[in-house]
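Below you'll find the structure, written out as structure tokens, and then a few comments.
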Amino acid sequence: MKAAILPTRLPRWLPQGLILLVALLGAGFLGGVLIPGLRLAGDLVENSVALETIGEQQRYPALIRASLDAVRDRLNNRAYVQESIDQLRAAAGRLDAVLGAPSQGMTGRHAEALRDLWSQERAVLDAVVAFKGVPYRDDESTGTALNAGGRELDRDLIAAIRTSRHLLPLIDRHLAAIGDELQSNNARAALELRVVMLAGLVIAVILVLLAVLLLGARKRQEASLREARQQTADILRTVKDGLFLVDENLTIGAAYSNALESMFHRTDIAGLPFESLLKDLVSEKTLVTATKFIKILWSERTKENLVKSINPLGEVEVHLEAAGGRFETRYLQFDFHRVRVDGRITHVLVAVSDVTARVDLARELQAAQGQAQAQVDTLLGILHVDPAQLASFLSDSNAAMTTINSILREPAREEGAFRKKLDTLFRQAHAVKGEAAALGLSSIESRAHSFEEDLKALREKTELSGNDFLPLVIKLDDLLTHLQSIGELVSRLSQLQPSPPPAAEPDLHSVTDVIPAPGAEPAAADANLGDLLQDLTVRLARNHDREVGLYCQGFEAIPAQYRRTVKDIAIQAVRNAIVHGIEPAAAREAAGKPRRGSVRLAFQTADEAGYKLSIEDDGQGLFAEQIREVALRKGLISAEQAAGMLPKQIYALIFRPGFSTAEETTADAGRGVGMNVIAELVQAAGGRVGMATVEGQYTRFTLTLPRVAAAAGETVAA
């Protein structure tokens with residue numbers, strides 16, 4: 001069990017009165033002690049500096065008087081006066097600096113009067129301090145005498161001395177008064193500071209007492225918290241579900257149940273983002289959806305009970321790494337609940353349950369029900385199939401399974417050999433699926449369709465190896481086992497059937513649904529092929545919203561050696577004609593055609609050269625430009641090849657493996673197998689394929705097969 005992190009804010013258990021008192025005392029200490037104390041200390045410092053400045057300035061008026069007297073004496077004695085004028089200028093400048101700029105202590109009425117007196121004094125001093133040069137002249141008759149500048153200096157000096165005798169004592173008194181005020185202010189500020197410090201001491205004592213009380217209360221509360229935490233730890237250690245909290249940033253909290261570590265096979269859960277917990281365990285789409293779902297829970301406007309129905313993690317499959325580098329599949333159920341404190345959502349509680357046993361049991365039950373239903377469906381499907389057709393299908397399917405098995409066993413190393421094996425497997429599986437669809441044996445059709453899906457995935461790979469074909473063995477075994485079970489079921493049913501009644505006069509209207517073409521003779525030897533194709537036509541027309549009539553002729557003349565070949569070709573041809581050729585009834589009417597399309601198959605003996613099978617539909621025909629674009633898009637031809645192809649060469653592309661003009665892959669179209677099967681069956685028999693088409697009118701295929709000997713079954717060269 002991981003320890004919970006203590007909150008950093010004041011705990012809620014503190015008595016409200018103590019909290020309020022501490023807050024008030026803190027505010028009082030700040031506003032009544034600390035701030036005033038700092039202000040008073042500052043005032044004391046400033047007053048002391050100002051007092052020192054004033055004390056220093058009090059000597060300058062006397063210095064000015066002494067300098068004026070010195071200049072007067074030197075001038076009378078015809079001595080050097082510039083030094084005394086410089087002293088006067090310096091003393092006046094110091095007073096200018098103090099009285100000219102506002103500073104601490106230089107405020108009030110004394111300061112204003114002082115500045116006014118000084119401005120008057122400064123006016124008379126300026127004439128003296130402005131003098132420069134020599135005030136004397138030498139005369140042989142009179143000796144040293146004042147020159148014009150000296151006489152002017154003498155007049156200015158007399159005026160300055162007269163004015164200074166009146167103003168400088170006043171300036172002294174005002175400076176002394178300002179000094180007295182500053183000393184009085186210092187004494188008052190010192191007293192106030194002592195009072196403030198005493199108040200601070202009292203508040204500090206009270207705060208210490210409160211701190212002692214609060215520490216005692218905190219210790220008692222911590223004891224309660226430790227007990228509660230221990231109880232929580234016991235619960236989380238014992239509970240079988242995974243419990244944890246996520247905050248608004250979707251981060252997992254520090255407290256969670258021990259079962260969570262065993263569920264996810266990791267110990268670094270505390271502080272982990274919720275996305276990281278599920279990453280690599282579920283699909284990216286599920287992870288994104290789950291993250292959005294949790295974020296929705298933080299919205300106050302979202303109704304918790306309503307969104308629970310769209311929980312994407314209600315029952316999710318995860319793949320966890322086990323010992324030995326293996327992975328085990330588990331099924332987890334996540335439940336989300338809001339956690340509110342003071343009416344506000346603070347966390348989301350996530351409860352994780354391992355429901356693997358329940359899911360496995362439900363799947364076993366569903367599988368058993370499905371198997372039972374499949375057996376019933378298979379039985380019902382067999383009962384409505386003509387026994388002769390079913391026997392023929394089982395025989396042909398077993399032969400196809402044997403061929404597929406031998407192809408899978410056949411070794412291959414080159415890419416071309418792998419592709420050839422793949423095309424052959426496609427042809428055999430497609431033939432089985434087509435005949436099963438014609439007979440309405442959906443269980444076999446679905447398995448063959450699944451086998452085709454795996455083949456399609458291999459065809460889309462850029463490189464193939466022998467290991468790629470290994471998974472096909474499982475699908476083949478399932479299909480073969482199912483065919484064998486159907487064979488056994490047919491055998492048992494045949495034992496239960498009573499002896500057939502005496503043969504009655506056949507009803508030509510009920511023997512077969514095949515509509516004979518004008519001039520055609522009634523089907524006899526292979527009428528069941530016509531019935532098979534008719535059933536296939538009805539199903540395909542219904543599934544693809546078409547109205548189609550099937551017309552067959554000459555099937556009684558099909559040699560036994562070609563029965564399987566012609567049947568496979570006919571099934572593929574009818575499927576291709578209805579899915580790709582015949583238009584919907586509305587489109588046919590818009591084009592001026594009958595609502596009901598027609599597909600015609602005719603088998604006849606051509607001459608000594610062999611046999612001819614013609615397949616024609618009055619559908620939309622083939623569009624050369626569409627075939628060219630599809631072949632380019634699928635990479636069957638290059639742009640240079642497409643530019644130089646004749647129409648005959650373009651039409652021949654429909655026989656290429658993988659070619660299809662269908663937009664989507666369905667059970668009846670889209671894999672590019674049907675026409676390829678026809679071409680390979682004819683080629684394997686040593687025949688040829690001819691084709692004629694007119695866009696919007698019809699498509700006709702003429703298949704020529706070599707004649708076979710009647711007795712030995714050997715093919716006779718044409």
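The values are calculated or read from the model by the stated rules, or taken from the named source; none is laboratory data. Only a predicted model underlies this, so the values are computations on that prediction, with no experimental measurement involved. Counting neighbours? That spans all protein chains shown, and the Cβs are built from the backbone with ideal geometry, glycine included. Side chains are part of the model used for accessible areas, which takes the heavy atoms of the whole protein and leaves out ligands, DNA and RNA. Shrake-Rupley method; radii C 1.70, N 1.55, O 1.52, S 1.80 Å.
Cross-link partners for Lys292 among the lysines, with Cα-Cα distance under 26 Å and sequence neighbours closer than 8 places in the same chain left out: Lys279, Lys303, Lys308. Listed peptides 299-307, 573-581 appear in the order 573-581, 299-307 once ranked by packing, highest mean of other Cβ atoms within 10 Å at the front. Among 54-60, 470-476, sorting by the average number of other beta carbon atoms lying within 10 angstrom of each residue, highest first, gives 54-60, 470-476.
Seen from a random direction on average, the alpha-carbon convex hull of region 210-359 projects onto 11.6 square nanometres. Modelled spin labels at Glu56 and Ala190, positioned 7 Å past Cα toward Cβ, are 2.2 nm from each other.
The residues of region 248-302 have, on average, 52 Å² of accessible surface per residue, using a 1.4 Å probe with all protein chains present. Here r is the Cβ-Cβ distance between Thr424 and Glu556 and R0 is 30 Å; the resulting FRET efficiency, rounded to 0.05, is 0.45. Our estimate of slack between Glu463 and Leu24, defined as 0.36 nm per intervening residue step minus the Cα-Cα distance, is 150.0 nm. If you sort His166, His337 by accessible surface, 1.4 Å probe, largest first, the order is His166, His337.
Our summary gives region 105-216 a relative contact order of 31 percent, counting only alpha carbon pairs under 8 angstrom and 6 or more residues apart.
If a spin label sat at a point 7 angstrom from the Cα of Leu297 along the line to its beta carbon, the backbone N atoms of region 328-359 nearer than 16 Å would be those of 332-341, 344-354. Overall form of region 171-256: oblate. Here a/c, set by the Cα gyration tensor axes a ≥ b ≥ c, is 1.5 or more, and a/b is not larger than b/c.
What is region 533-624 by shape, rounded, prolate or oblate, if you read a ≥ b ≥ c off the alpha carbon gyration tensor as root eigenvalues and call it rounded for a/c under 1.5, prolate for a/b larger than b/c, and oblate otherwise? It comes out prolate by the Cα gyration axes. When Leu75, Leu21 are compared by accessible area at a 1.4 angstrom probe, the order from most to least is Leu21, Leu75. The label-point distance for Lys219 and Glu695, in a model that sets each label 7 Å from Cα toward Cβ, rounds to 9.9 nm. The packing ranking, built from the mean of other Cβ atoms within 10 Å per residue, places the peptides 534-543, 76-85 in the order 534-543, 76-85, highest first.
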